[in-house]
Amino acid sequence: MQIIKDNQIIDNSWHYVNEADTPSAGDISVSLAHWEKDKAQLLQHTGKLGVRLVPGDAVDTLAQDLNNIQLIELDFPDLADGRLFSLAWLLRSRYGYQGELRATGNYVAEQVFYLSRVGVNAFVPQKPDDLAAIQACLGDFSVNYQASIN
Amino acid sequence: MYQYNEIDQKIVDERVAQFRKQTQRFLSGELSADEFRPLRLRNGLYIQTHAPMLRVAGPYGLLNSKQVRMLAHIARKYDKGYCHFTTRQNIQYNWPKLEEVPDILEELASVQMHAIQTSGACMRNTTSDHLAGVCVDEIEDPRPYCEIIRQWTTLHPEFDYLPRKFKIAVSGSQRDRAATQFHDIGIHIVKNETGDIGFRILVGGGLGRTPVIGQVIKPYLEQQHLLSYLEAILRIYNLFGRRDNKYKARIKILVRETGLEKFNDMVEAEWLRIKDGMELSAERVAAVKTHFTPPPYEANTDQDTRFAEQLANDKAFATWHKYNTAPHKVAGYQAVYLSLKAPDTPPGDMTDQQLDAVADLADRYSFGEIRVTHRQNLVFSDVKQGDLFALWQQLDSLKLAMPNIGTATDMICCPGLDFCSLANAGSIGVAKEINDALDDMDYLHDIGELKINMSGCMNGCAHQSVGHIGILGVDKKGVEWYQITLGGSSENEAAIGERLGPAVAKDQVTNTITTILDVYVKQRLEDEAFLDMVNRVGIAPFKDRVYANN
Ligand code: SF4
């Protein structure tokens, strides 16, 4: 599957896995609950680690682990749930997260400009056809009224 | 008034291009109706009973004559020749075609207007006092702060998908004419002991299904922290506001369920972390203030003697002057209300011809500026007293001089069943009936100050719960009924109206209102206003009479 990262189309190397079948190698992301429960074990994993957040997750406890995490996914249950925008802002601004911050799930290309402003730098399209639309929408505005992450 | 710079213009132009693209993606099937919905709402576009409805922003109620001519042009070219002014100082069109909306927005952008964030679960148009900058009781002109807030809220990337809509109102006067206690955030400009200007911040007010009076969360906020404090409230609301039930999603419910004290702690903690990083500089405030300097008032306009003669010689003029003007801080000038409550037109509606004519009159008599009030009328804020007579005559020929501002027929009324897909009951027709019943001007003036607000459903767009008399359309097994409340107020002594009793049938509404007025006329003390009497005697005497025959 292809995604957009830092404005480029690239191949995705990550897999979201659940507790029951966590592979021992490869780049994997897990839910916040899974991370909190099995952190010690996950840190032994060969391959990169990521956490998938959903709206309602609190990121303050994750803050101490950010150095061990290379990917944070923001999984939209539906496009109208704006909590993930604030989580992105908190991760970048308050907790200084530098790794990949990726939008996934049920958002639309029309939202990627705002997402990029709050620090999201990678986008998994809902449908493969959306790649072009996402790239186009990243340039929706050339000026802003207020400071954010970007 | 604020004039766009290159950045402002670019933002509205790019927004039009963005919406054009979104509309194309929807029409070609790339976006589903559910996906397009929040996008179009954020551009003011609803799908209504008959056609889409487009809501255009009137930034804190200020328009210039060029913009009003554009509103007329749009009414002619894309609609049925009229538009509607709303209680939030916005403008609505009831008959645009979806495919043409990007073109309408492009035309609006050419005169520094837009429909950004006029609907949807986002930060809406900031509203304010329609007498800002000219009234006699002002602490400081709120408009520069409104503009600063307008810019900050516009296309805010973090807060565009809130749990629910979010409304901010600012008042700079002793007397609250902006219903700030019924907004998600109400801002009062205040002076501290040392004479510095700051803000009192209220939170959690709102109308709709669960009317709540806003509570003070910050008695005094220093000027430079305005935006950081708003950002802290918005972040807490965005993260913790309820999203499981849209009727419990407004910030008032979050404040209530969390408790003001705890909510305050959360906001304060967030604010302390961000405040130093986003101070509003004195230079920025000063730069915005240069857009709101007083117009070139003429000296000695109060020396004009014709005005006193005209008042003495023409009773109709004197009556109009008594009801439809307000004092001005500059001697010899007055603010003039244009009543959009003529008997034969739906409250708040204007035709393209009226709009064009009003634009011309504004150029001639009021420095080209027009304001929208939250009671759905217009204001010319700076008219020389010597011009009042000529202006009155022309307004009269345009049917905009009904001397009823602040009286029973200056009703606020939502579109109701005639246009709104959410309505339970009609409102425009009932308003007309009440209007017809109160056509005796002497009686109307004898009743005096009275605010009647009528909404076609629980959403309460016409703020019935804060009407001195509130009328709410309800549906009972497919039949239109109306619940009456008494004693509401959205001004300083804010109050939510108390229900009079069981709902009344449609054909009994007018009767009920006239009965209530009759009780008032018979039982009032000398010079006692309707609201004061309700506060003194309660609803019992009214109730007894209205339900006497049941
Ligand atoms: S109060 Fe109800 S009927 Fe009236 S405009 Fe609002 S939603 Fe529509």
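The values are calculated or read from the model by the stated rules, or taken from the named source; none is laboratory data. Since this is a predicted model, take the numbers as computed values, not measurements. No Cβ is skipped: glycine too gets one built from the backbone with ideal geometry, and neighbour counts run over all protein chains shown.
Rundown of residues vs (1) small (Gly, Ala, Ser); (2) surrounded by fewer than 18 Cβ atoms within 10 Å (Cβ to Cβ); (3) within 14 Å of chain A (Cβ to nearest Cβ), yes/no style:
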| site | (1), (2), (3) |
| --- | --- |
| B:Thr153 | no, no, yes |
| B:Glu158 | no, no, yes |
| B:Ile187 | no, no, no |
| B:Lys191 | no, yes, no |
| B:Phe199 | no, no, no |
| B:Ala232 | yes, no, yes |
| B:Lys248 | no, no, no |
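The residue list B:Gly497, B:Gly448, B:Gly488 contains one member that is within 25 Å of B:Thr180 (Cα to Cα) and either within 17 Å of the chain's Cα centre (by Cα) or assigned by TED's automatic domain parsing to the domain that holds B:Leu54 (or both), which is B:Gly488. May I ask you to verify whether B:Tyr229 is in a strand (DSSP E or B) and of a type in the set (Ser, Thr, Tyr)? No.
Scanning segment A:117-127 for residues that are more than 8 Å from every other protein chain (Cβ to nearest Cβ) and over 15 Å from A:Asp78 (Cβ atoms) yields A:Gly119, A:Val120, A:Asn121, A:Ala122, A:Phe123, A:Val124, A:Pro125, A:Lys127. Scanning segment B:10-31 for residues that are touching a helix residue (DSSP H, G or I) at 6+ places or on another chain (Cβ under 8 Å) and surrounded by fewer than 15 Cβ atoms within 10 Å (Cβ to Cβ) yields a count of 1.
For segment A:92-142, give me the residue count where each residue is in contact (Cβ under 8 Å) with a residue 60 or more places away in the chain and of a type in the set (Lys, Arg). Residues that pass the stated criteria total 1. Scanning segment A:128-150 for residues that are assigned to a loop (DSSP other than H, G, I, E, B), farther than 23 Å from B:Asp13 by Cβ and more than 9 Å from chain B (Cβ to nearest Cβ) yields one hit, A:Pro128. For the subset of segment A:56-111 comprising residues that are within 13 Å of chain B (Cβ to nearest Cβ) and among the polar types (S, T, N, Q), which member is surrounded by the most Cβ atoms within 10 Å (Cβ to Cβ)? Out of the qualifying residues, it is A:Gln111.
Answer yes or no as to whether B:Asp141 is at pLDDT 95 or above, in a loop (DSSP other than H, G, I, E, B) and within 14 Å of chain A (Cβ to nearest Cβ). The answer is no for B:Asp141. Exactly one residue out of B:Asn435, B:Asn424 is of a type outside the set (Lys, Arg), closer than 25 Å to B:Asn90 by Cα, modelled with pLDDT under 95 and more than 16 Å from the ligand (Cβ to nearest atom): that is B:Asn435. Of all residue pairs spaced 6 or more apart or on separate chains, those with beta-carbon atoms under 6 Å, a first member in segment B:408-432 that is under 13 Å from B:Val474 (Cβ atoms) and touching a residue at least 60 places away in the same chain (Cβ under 8 Å) and a second member that is more than 8 Å from the ligand (Cβ to nearest atom) and among the charged types (D, E, K, R) are B:Ala425/B:Glu480. None of B:Gln181, B:Gln112, B:Gln174 is buried (at least 23 other Cβ atoms within 10 Å of the Cβ) and either touching a residue at least 60 places away in the same chain (Cβ under 8 Å) or more than 14 Å from chain A (Cβ to nearest Cβ) (or both) except B:Gln181.
In segment B:135-149, the residues that are within 26 Å of B:Tyr4 (Cα to Cα) form Cβ pairs under 6 Å with partners that are assigned to a helix (DSSP H, G or I), at six or more places apart or across chains, as follows: B:Asp141/B:Phe292; B:Arg143/B:Phe292; B:Pro144/B:Val288; B:Pro144/B:Lys289; B:Pro144/B:Phe292; B:Cys146/B:Tyr60; B:Glu147/B:Val288; B:Ile148/B:Val288.
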